[in-house]
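Read the structure below first, then the notes.
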Amino acid sequence: MQINSAKDLKVYQKAYGLSMEIFEQSRKWPVEEKYSLTDQIRRSSRSVCSNLREAWAKRRYHAHFISKLTDADGENGETDTWLDFARDCNYISIDDHGRLINECREVGAMLGSMTNNPVPFLVKES
């Protein structure tokens, strides 16, 4: 499959799906969490996707590409932490937490693979 955009990457699609699932879950959370946990987890999960888009735009430059992938991975780790808080505050079930954490791990593994082997994604100099 030809990859024409970051949106074509499996990691982007998985991260986007996770972000949308977190959005749906967080709609049920208490209103007093609106400007704290709810806002933070939505921002971090969405930032994974936006950092992937930025990485894609910078793939002509190895170091910039890696830097943005690292940012995406950091945001993914932050999302994982917020999911722990959501579980411990009883906003999500143990089962939902486990499933969402597993999705975070898969996204993290994919980002790690790209970071460790970026060459297939970089723009080839002509």
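Restricting segment 1-51 to trypsin sites (Lys or Arg not before Pro) that sit in a DSSP loop and have at most 11 other Cβ atoms within 10 Å of their own Cβ leaves Arg27, Lys28, Lys34. The alpha-carbon positions of segment 33-118 define a convex hull whose volume is 72 Å³ per residue. Among Lys14/Lys58; Lys10/Lys68; Lys10/Lys34; Lys14/Lys68, which pairs are too far apart, with a Cα-Cα distance over 19 Å? Too far apart for the 19 Å limit: Lys14/Lys58; Lys10/Lys34.
Note on His62 and Asp8: the extension gain reaches 17.5 nm, defined as 0.36 nm multiplied by sequence separation minus the Cα-Cα distance. Rounded to the nearest 500, the 222 nm mean residue ellipticity of the chain from helices alone is -24500 deg cm²/dmol, with -39,500 (n - 2.57) taken per DSSP H run of at least 4 residues.
A short reminder: the numbers here are calculations on the coordinates, not readings from a lab. Everything quoted here is computed from the prediction, not taken from an experiment. FYI the Cβ positions are ideal-geometry reconstructions off the backbone, even for glycines, and counts take in every protein chain you see.
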